[in-house]
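Undergrad: Have a look at the structure that comes next, please.
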Amino acid sequence: MTSIAPPRMPEPEPVPHGAAPPTSAPVLRMRGVTRVHGGGATQVVALRGLDLVVYPGELVAVMGPSGSGKSTLLTLAGGLDTATSGDVFVDGTALGRLSAKALAALRRRSLGYVFQDLNLVPALTAAENVALPRELDGMATRKAHKEAVAALAEVGVAELADRFPDQMSGGQQQRVAIARALVGPRRLVLADEPTGALDSATSGEVMRVLRARCDAGAAGLLVTHEARHAGWADRVVFLRDGIAVDSTGEPSTPESLFDGTSTRPHGSRSSDGPPFDPGRTDPGRTDPGRTNGDSGDSAGAPGGAER
Ligand SMILES: Nc1ncnc2c1ncn2[C@@H]1O[C@H](COP(=O)(O)OP(=O)(O)O)[C@@H](O)[C@H]1O
Ligand SMILES: [Mg+2]
């Protein structure tokens, strides 16, 4: 019997920037991705030929005006919508080539989503909500519950494990939603304005959790309107009318890796210092993992706010 080629494609091009160590393959690669809604006079091009690569350890902020295609980018990256043309690869797998079943499995196992509308299941407790994707994936209930409680602890709400969504504040619900997005070995975390409903202290904690997860090896995409949140990212992609108009924080040449102008190697941050302390406010302090040249984030890094 001839073997069927898996939907895993060799990476077809050299990586577009030199920040990643050669051993690290991108978690997300979007190549020439276009998404057109509707047709004729009402046709809307939500994304036009977007190229984007995100490596393990990287948190990339996506900014741009309303309607510029940010949410479209995230839903395509997460396999919740299909590109009109172009390719989306997650861990080298072309999403467009997967069966619906394989895509659903990849979403459950490898992808985490945090959206503005929380989508917690009202009839389930916090722990049950967080355990749900793991149980759907076949994990035994007890083990899934244990993981869920650990994920809740990671976002600082372990004590809410047995509460139902309507017994929590909006901020608490959002943290539970984030725990659910992070539970298990998620490779790619997609967050669409995850702090929209939160006060600034809670937002800072949410950012810290996202950052820590990326430092631990995940790749993250964060849509945000707030420069102080984008300041947690390694780089920022700006969208306008479905086109990436600018990107900050990435070195333009491999040489810049050696002359001190590059960003840090991806994923190195966690080993460089203590975990962030969101309660520490030290204006002007760059975060401890940022070592060389990327502290002056041109996205308007917050200069210590919320850090
Ligand atoms: N399902 C859809 N049907 C028609 N147009 C859509 C749909 N989803 C998004 N759009 C349009 O695509 C463009 C980009 O939308 P979106 O990605 O939600 O932008 P953003 O998140 O930056 O506000 C907008 O013009 C929006 O109206
Ligand atoms: Mg949006």
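The values are calculated or read from the model by the stated rules, or taken from the named source; none is laboratory data. None of the values given here were measured: they were computed from a predicted structure. Every residue, glycine among them, receives a Cβ derived from its backbone with ideal geometry; neighbour counts consider all protein chains shown.
Per-residue answers, yes or no, for (1) exposed (fewer than 15 other Cβ atoms within 10 Å of the Cβ); (2) within 14 Å of the chain's Cα centre (by Cα); (3) within 16 Å of ligand 2 (Cβ to nearest atom):
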{"position": "38", "(1), (2), (3)": "yes, no, no"}
{"position": "42", "(1), (2), (3)": "yes, no, no"}
{"position": "45", "(1), (2), (3)": "no, no, yes"}
{"position": "50", "(1), (2), (3)": "no, no, yes"}
{"position": "55", "(1), (2), (3)": "no, yes, no"}
{"position": "71", "(1), (2), (3)": "no, yes, yes"}
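Undergrad: Here's something else I'd like to know. Looking only at the stretch 153-163, decide whether some residue is at pLDDT below 90 and outside any loop (DSSP other than H, G, I, E, B). Spell out how you get there, then give the answer.
TA: So in the stretch 153-163, the residues at pLDDT below 90 come out as 154-156.
Those left that are additionally outside any loop (DSSP other than H, G, I, E, B): 154.
Looking for residues that are at pLDDT below 90 and outside any loop (DSSP other than H, G, I, E, B), one finds at least one in the stretch 153-163, hence yes.
Undergrad: Among the residues that make up the stretch 89-104, is at least one of them within 16 Å of ligand 2 (Cβ to nearest atom), in contact with a Lys or Arg (Cβ under 8 Å, 6 or more places away or on another chain), in contact (Cβ under 8 Å) with a residue 24 or more places away in the chain and within 20 Å of residue 216 (Cβ to Cβ)?
TA: Step one: of the stretch 89-104, the residues within 16 Å of ligand 2 (Cβ to nearest atom) are none.
No; the residues of the stretch 89-104 include none that is within 16 Å of ligand 2 (Cβ to nearest atom), in contact with a Lys or Arg (Cβ under 8 Å, 6 or more places away or on another chain), in contact (Cβ under 8 Å) with a residue 24 or more places away in the chain and within 20 Å of residue 216 (Cβ to Cβ).
Undergrad: Look at residue 82 and say whether it is out of contact with any helix residue (DSSP H, G or I) (no Cβ under 6 Å at 6 or more places or on another chain), within 14 Å of residue 221 (Cα to Cα) and either of a type in the set (Val, Ile, Thr) or more than 16 Å from ligand 2 (Cβ to nearest atom) (or both). Give the derivation first.
TA: Numbers: out of contact with any helix residue (DSSP H, G or I) (no Cβ under 6 Å at 6 or more places or on another chain): yes; within 14 Å of residue 221 (Cα to Cα): no; either of a type in the set (Val, Ile, Thr) or more than 16 Å from ligand 2 (Cβ to nearest atom) (or both): yes.
When the stated conditions are applied, residue 82 does not pass them.
Undergrad: Taking the stretch 34-66 only, how many residues are within 15 Å of ligand 1 (Cβ to nearest atom), of a type in the set (Gly, Ala, Ser) and touching a residue at least 24 places away in the same chain (Cβ under 8 Å)?
TA: 4
Undergrad: Just to be sure I understand, how many residues within the stretch 22-36 are exposed (fewer than 13 other Cβ atoms within 10 Å of the Cβ) and either among the polar types (S, T, N, Q) or not in a loop (DSSP other than H, G, I, E, B) (or both)? Give the steps one after another, and end with the answer.
TA: The first filter runs over the stretch 22-36 and keeps only residues exposed (fewer than 13 other Cβ atoms within 10 Å of the Cβ), leaving 22-23, 32.
Filter again for either among the polar types (S, T, N, Q) or not in a loop (DSSP other than H, G, I, E, B) (or both), leaving 23, 32.
Looking only at that region, the number is 2.
Undergrad: Could you grab me the full set of residues in the stretch 67-84 that are assigned to a helix (DSSP H, G or I), under 18 Å from residue 38 (Cβ atoms) and near ligand 1 (Cβ under 6 Å from one of its atoms)?
TA: Applying the first criterion (assigned to a helix (DSSP H, G or I)) to the stretch 67-84 yields 70-77.
Filter again for under 18 Å from residue 38 (Cβ atoms), leaving 71-72, 75-76.
Passing the criteria: 71, 72.
Undergrad: Out of (1) within 18 Å of the chain's Cα centre (by Cα); (2) hydrophobic (A, V, I, L, M, F, W, C); (3) at pLDDT below 95, the odd one out for residue 63 is which?
TA: Only one criterion is unmet by residue 63, namely (3).
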